[in-house]
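Trainee: Pasting in a structure now, in structure tokens, and then I'll have a few things to ask.
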2 protein chains.
Amino acid sequence: MIPMRHKRFDKMECPIARSLERVGEWWTILILRDALLGTTRFDEFQKSLEIAPNILTRRLRAMEEAGLLQRRRYSERPPRDEYILTRRGRDFSPVLLALLAWGNKHFAPEGESVSLVDARTGLTAVPAMYDAVSGRPITMRDFQFRPGPAANERIHRRYGAPKRERETK
Amino acid sequence: MIPMRHKRFDKMECPIARSLERVGEWWTILILRDALLGTTRFDEFQKSLEIAPNILTRRLRAMEEAGLLQRRRYSERPPRDEYILTRRGRDFSPVLLALLAWGNKHFAPEGESVSLVDARTGLTAVPAMYDAVSGRPITMRDFQFRPGPAANERIHRRYGAPKRERETK
């Protein structure tokens, strides 16, 4: 279900909030996961997700409107559509990889049920973030969020000045 | 608000679904964002997010239960708590970076309002995924999802066999 909310996050300046507005809702993210694995047809999505058809239809249309999927009719009689990832939908894959890595690290006490594997070597991969400009791994010590050129006052307040940092073990 | 849902994703085997069960809801992700920027105190979170206090309290307690934050009382009179990121909460940062990069690429036509910056050089960073084992950038061509050691039948069906792949421009 689309959750009720009191604030529209796409009005927020923060790119994280804007991303969440498009996808911060489980079914969309799981549909994107399945699409990245090659699923395109309505019945395939439904079988994989066990989602009610009307909810699936609504989600797929919303994703089409948000430019994540493109709908293509592949059969006229009966009428059947498939949903193809756009460049924007495919660009979401790092978010899924990061969720996978975090889930495998913290919520898989019985072992990994899904692994990312290096197809050349067969070895299990460990996804991590790096900076494509400098080539260096991203740590929150060496890299910082800063207000960008289009920042408004709220963004400057949130991202401008470093605050106290503490961490538990 | 916590959306009503018909399925509990943490019963699913998929680590992405399990991660979503913990955080796939806007406020949690935005609280984590603010916590990573150094916010710890209730009133600071509330001012930044403009969230109703009872909802914030509920979210913070849920995050504490999920092991993302640890609550610490820093004042007795009046009673005041701060919320410190745990290792698990801090490990979520690649997801936020990936959301930031995607938001900046696709939903910031007016320019970046928040950038990730290399603190050594001042240059804007471009977050991307690499494999910490091989050191190579992750592409969905060279790396694949595969069922892991703890995979059940559903996971094998979803991740086992490659399907058709198509992409629009």
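The values are calculated or read from the model by the stated rules, or taken from the named source; none is laboratory data. Small disclaimer: the values here were computed from a predicted structure and weren't measured. Cβ atoms come from the backbone with ideal geometry, glycine included; neighbour counts cover every protein chain shown. Accessible surface areas use protein heavy atoms only, side chains included; no ligands, DNA or RNA. Shrake-Rupley method; radii C 1.70, N 1.55, O 1.52, S 1.80 Å.
Trainee: Any idea which of A:ILE155, A:ILE138 is open to solvent by 10 Å² or more (accessible area, probe 1.4 Å), facing another protein chain (nearest Cβ under 7 Å) and either modelled with pLDDT of 90 or more or over 16 Å from the mean Cα position of the chain (by Cα) (or both)?
Mentor: Step by step, each of A:ILE155, A:ILE138 is checked, and only A:ILE138 is open to solvent by 10 Å² or more (accessible area, probe 1.4 Å), facing another protein chain (nearest Cβ under 7 Å) and either modelled with pLDDT of 90 or more or over 16 Å from the mean Cα position of the chain (by Cα) (or both).
Trainee: Suppose we filter region A:63-79 for residues that are of a type in the set (Gly, Ala, Ser) and either in contact (Cβ under 8 Å) with a residue 60 or more places away in the chain or in contact with a strand residue (DSSP E or B) (Cβ under 9 Å, 6 or more places away or on another chain) (or both); how many remain?
Mentor: Selection size over region A:63-79: 1.
Trainee: I want to confirm something. Restricting to region B:18-45 and keeping residues that are over 15 Å from B:PHE92 (Cα atoms) and without any contact (Cβ under 8 Å) to a residue 24 or more places away in the chain, which single residue is surrounded by the most Cβ atoms within 10 Å (Cβ to Cβ)?
Mentor: Ranking the qualifying residues of region B:18-45, first place goes to B:THR39.
Trainee: If you go through region B:46-67 one residue at a time, how many are within 17 Å of the chain's Cα centre (by Cα) and open to solvent by less than 30 Å² (accessible area, probe 1.4 Å)?
Mentor: Selection size over region B:46-67: 6.
Trainee: Residue check: is A:ARG8 open to solvent by 40 Å² or more (accessible area, probe 1.4 Å), under 18 Å from the mean Cα position of the chain (by Cα) and at pLDDT below 90?
Mentor: no
Trainee: Same structure, new question: Within region A:89-96, does at least one residue satisfy the condition of being touching a residue at least 12 places away in the same chain (Cβ under 8 Å), touching a helix residue (DSSP H, G or I) at 6+ places or on another chain (Cβ under 9 Å) and among the acidic types (Asp, Glu)?
Mentor: Looking for residues that are touching a residue at least 12 places away in the same chain (Cβ under 8 Å), touching a helix residue (DSSP H, G or I) at 6+ places or on another chain (Cβ under 9 Å) and among the acidic types (Asp, Glu), one finds none in region A:89-96, hence no.
Trainee: Considering only residues that are open to solvent by less than 70 Å² (accessible area, probe 1.4 Å), within 20 Å of the chain's Cα centre (by Cα) and facing chain A (nearest Cβ under 9 Å), which ones fall in region B:70-88?
Mentor: B:ILE84, B:LEU85, B:THR86, B:ARG88, listed by residue number.
Trainee: Given the condition under 28 Å from A:LEU37 (Cβ atoms), touching a Cys at 6+ places or on another chain (Cβ under 7 Å) and either at the interface with another protein chain (Cβ under 7 Å from one of its Cβ atoms) or not β-branched (Val, Ile, Thr) (or both), answer yes or no: does some residue in region B:108-129 qualify?
Mentor: No, there is no match, as no residue in region B:108-129 is under 28 Å from A:LEU37 (Cβ atoms), touching a Cys at 6+ places or on another chain (Cβ under 7 Å) and either at the interface with another protein chain (Cβ under 7 Å from one of its Cβ atoms) or not β-branched (Val, Ile, Thr) (or both).
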